[in-house]
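Asks: Attaching a single structure in structure tokens format; questions to follow.
None of the figures in this text is laboratory data; all of them are computed from the coordinates on show. Remember, it's a predicted structure, so these values are computed and weren't measured experimentally. Every residue, glycine as well, gets a Cβ built from its backbone with ideal geometry; the counts of neighbours run over all protein chains shown.
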Amino acid sequence: MNKKTIFSFLTILMLFNSLLSFAVASADAPRMSKEELRSRLSDIDLVIIDVRTAHDWGKSNSKIRGAVREDPESVASWAKNYSKKKTIVLYCA
């Protein structure tokens, strides 16, 4: 194998590993039904974060009251701004 083939293979392998890690993490995340969320909208210990892309958010007529929009591509820069003592609800398209 030449260096270009090895590099391509390693790149694909790293991408696959990242996707697999994301799928496992999101599968383990607790879920909340629409009904439960609706009943908790006035809860001060609930933070709702809309992580739709700017394009999807901008063209949508449906937004959850009280939700804050954050860029899904820069979680590391905004995640620290939210208290771990609160219930954080993320939603997307």
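Asks: List 69, 38 from most exposed to least, where exposure is judged by having the fewest other Cβ atoms within 10 Å.
Replies: Going from sparsest to densest Cβ surroundings: 38, 69.
Asks: Moving to a separate point now. Would you please calculate the Kirkwood hydrodynamic radius of the stretch 31-93 over all C-alpha pairs and express it in Å, rounded to one decimal?
Replies: 12.4 Å
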